[in-house]
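The values are calculated or read from the model by the stated rules, or taken from the named source; none is laboratory data. Quick caveat, the model's predicted, so the values are computed rather than measured. All Cβ positions, glycine included, derive from the backbone under ideal geometry; neighbour counts span all protein chains shown.
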Amino acid sequence: MKLKRIHHVAYRCKDAKETVDFYARVLNMDFMLAFAEDQVPSTKEPDPYMHVFLDAGMGNVLAFFELPTRPDMDRDRNTPEWVQHLAFEVEDYDALLAAKAHIEAEGVDVIGPTNHGIFQSIYFFDPNGHRLELVANTQTQEQLDELRRVAPAMLEEWSRTKKAPRHAAWLHELEFRGNH
């Protein structure tokens, strides 16, 4: 089997209309489709829902379910809120800074830019509590090649020790040299 691409990713939302409005206004995503049913097609379970789909660019689709008969949504309290997130790529660092200004003008708190050595990021939350990241790539091909080369050794060392391997420590050392 060879996968073609991700068709869509789906998350829960508190309010479908508020969610669509936020992604259209803050991230300029087009509202594509909506499905609403009184039962789950795959299980036939009675569970009314609204399922909305947004265009995240280049054939990527972000979807949300509003489930009005279920208990209020929450997040996994055993996982730090910075771990689970959706990351979207922007054109370049200038576009990242412009996006930050736009998002802040919409009244949304933004963290960053944060230097990850091979890309810069900003972080913020949608109205449902989902953490979002916008990324501007800044890497060179040599950096990517080196990261690919050391990845298996890093994973093996982590698997044995559960301590952060130093194979790619140079990524975060770049931050202190003022690179962006």
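Overview of results
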item	result
Residue pairs meeting the criteria (Cβ under 7 Å; at least 6 apart or on separate chains; first closer than 16 Å to Asp126 by Cβ, in the stretch 72-89; second modelled with pLDDT under 95 and in a strand (DSSP E or B))	none
Number of positions in the stretch 48-76 that are closer than 11 Å to Phe35 by Cα and touching a helix residue (DSSP H, G or I) at 6+ places or on another chain (Cβ under 6 Å)	4
Residue, modelled with the lowest pLDDT, within the stretch 121-139, restricted to residues that are in contact with a helix residue (DSSP H, G or I) (Cβ under 8 Å, 6 or more places away or on another chain) and over 26 Å from Arg75 (Cα atoms)	Thr138
Positions within the stretch 1-45 being among the small types (Gly, Ala, Ser) and either exposed (fewer than 15 other Cβ atoms within 10 Å of the Cβ) or farther than 18 Å from Val61 by Cβ (or both), in sequence order	Ala10, Ala24, Ala34, Ala36, Ser42
Failed condition for Met73, given (1) surrounded by 12 or more Cβ atoms within 10 Å (Cβ to Cβ); (2) not in a loop (DSSP other than H, G, I, E, B)	(2)
